[in-house]
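A short worksheet on the structure shown next.
The values are calculated or read from the model by the stated rules, or taken from the named source; none is laboratory data. As the structure is a computational prediction, the values presented were derived from the model and not from experiment. Note that we place each Cβ from the backbone using ideal geometry, even for glycine, and neighbour counts take in every protein chain shown.
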Amino acid sequence: MTRVLLAGVVAVAFGAGAASLLAHHPFSATYVTEQQITIDGLVVELVYRNPHAFIHVAAPDRDGQPRRWAVEWGNTGTGRRLGVPTQVLKLGDRLVVSGSPARDPGAFRILGRLIVRPLDGWRWTGQVF
């Protein structure tokens, strides 16, 4: 009886762990990670939340049409540990952002890889934290 109970507990624990692993999808499911695009625009919204933060940037698309882009760049806690406090960006900041485009071209999303603020040269490079 003890073995059956132990096996049941192990099975439930393994199932819960596997579910959480599957819940965090790879970025390649949402973004074309082997491609890169660049946008240049103004910050219109900052969304700091877990598991990923977003910077919303008003910038033209490749046809010159104004769009609101969602730049995914990591979670707030890890960002602070890496020296990127939530106060580093402000609404209205001009940013040049490079990264992987969304698989759905109509989504206007980018997985941020390089973010530069030309006004003062602030930059962030690397992986989504």
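Looking only at residues in the stretch 32-59 that are touching an Asp or Glu at 6+ places or on another chain (Cβ under 8 Å) and more than 18 Å from Pro118 (Cα to Cα), the one that is modelled with the lowest pLDDT is His52. Has the stretch 51-58 got any residue that is over 13 Å from the mean Cα position of the chain (by Cα), part of a strand (DSSP E or B) and more than 18 Å from Asp93 (Cα to Cα)? Checked the stretch 51-58: no residue is over 13 Å from the mean Cα position of the chain (by Cα), part of a strand (DSSP E or B) and more than 18 Å from Asp93 (Cα to Cα).
When you check Arg68 against the structure, is it exposed (fewer than 10 other Cβ atoms within 10 Å of the Cβ), at pLDDT 60 or above and within 18 Å of the chain's Cα centre (by Cα), yes or no? Criteria not met by Arg68.
Cβ-Cβ distances below 6 Å connect the following pairs, each with a first residue in the stretch 26-53 that is within 11 Å of Val71 (Cα to Cα), a second residue that is modelled with pLDDT of 95 or more and charged (D, E, K, R), and a separation of six or more residues or different chains: Val43/Asp93. Looking at Leu91, Leu82, Leu119, just one residue is hydrophobic (A, V, I, L, M, F, W, C), modelled with pLDDT under 95, farther than 18 Å from Ala29 by Cβ and out of contact with any Gly (no Cβ under 7 Å at 6 or more places or on another chain), and that residue is Leu82.
On the given criteria, is Leu111 over 26 Å from Ser28 (Cβ atoms), surrounded by 15 or more Cβ atoms within 10 Å (Cβ to Cβ) and modelled with pLDDT under 95? Here the answer is no, as Leu111 does not meet what is asked.
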